[in-house]
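No lab work stands behind these numbers, since they all come straight from the coordinates. Being a predicted model, the structure only gives us computed values, none of them experimental. Reconstructed Cβ throughout: ideal geometry from the backbone, glycine too, with neighbour counts over all protein chains shown.
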């Protein structure tokens, strides 16, 4: 990893099982270029200590990632990224991030709450995908 190990986080209000949140975070970090092949994920013990969850939850997430060909466990060493997803080029990522941040700020300024922002984003994403753009 570039600077420091991936920090996993869980959102109890997300409505997504914790193991899937871990899987999604690793996939997103790969897509965004925050982690890459050769980087080590937090050990199960480190993740359990940081997230205060059952070790089986972390193991289930890492097994899912292994099944997808993205990680490999090395006994006594940890779990390492072995597969890649096409990352977003840094310039494109930065421009899109600024645009999205501006949109989210405008949404909050217009009085939308977190649930409304999430619902609107999901609806627009689905509409755009159905248009065949994505």
Item to check | Quotient of Cα Rg and 2.2 N^0.38 Å for region 18-81, N being how many residues it contains | outcome: 1.01
Checklist outcome for this item: Per the 1/(1 + (r/R0)^6) rule, R0 = 25 Å and r from the Cβ atoms of residue 112 and residue 12, FRET efficiency to 0.05 is 0.70
Checklist entry - For residue 5 and residue 77, what is the calculated FRET efficiency with R₀ set at 22 Å and r taken between the beta-carbons, to the nearest 0.05? => result 0.95
Next on the checklist: Under 8 Å for C-alpha pairs, at least 6 residues apart: give me the relative contact order for the chain, rounded to a whole percent.
Outcome noted: 22
Checklist entry - In nm, what is the difference between 0.36 nm times the number of residues separating residue 121 and residue 28 and their Cα-Cα distance? => result 31.8 nm
Item to check | Estimated [θ] at 222 nm from DSSP helical runs (n ≥ 4, -39500 (n - 2.57)) normalised by residues in the chain, nearest 500 | outcome: -17500 deg cm²/dmol
Item to check | Shape call, region 90-130: gyration tensor on alpha carbons, a/c limit 1.5 | outcome: oblate
Item to check | the chain: angle of helix 55-67 to the longest principal axis, Cα-based, in degrees nearest 10 | outcome: 80
Checklist outcome for this item: Reviewing [x] 114; [y] 123; [z] 142, the figure for volume of the Cα convex hull per residue in Å³ actually calculated from this model sits under [z]
Item to check | Crossing angle, helix 18-31 versus the chain [Cα axis fit, 0-90 degrees, rounded to tens] | outcome: 80
Checklist entry - By how many degrees, 0 to 90 and rounded to 10, does the Cα axis of helix 114-130 deviate from the longest principal axis of the chain? => result 90
Checklist outcome for this item: Proxy exposure order for 53, 124 (fewest C-beta within 10 Å first) is 124, 53
Item to check | Gain on full stretching of the segment that runs from residue 128 to residue 63 - 0.36 nm per residue minus C-alpha separation | outcome: 20.2 nm
Next on the checklist: If I stretch the segment between residue 54 and residue 88 completely, what's the gain in nm (0.36 nm per residue apart, minus their alpha carbon distance), one decimal?
Outcome noted: 9.0 nm
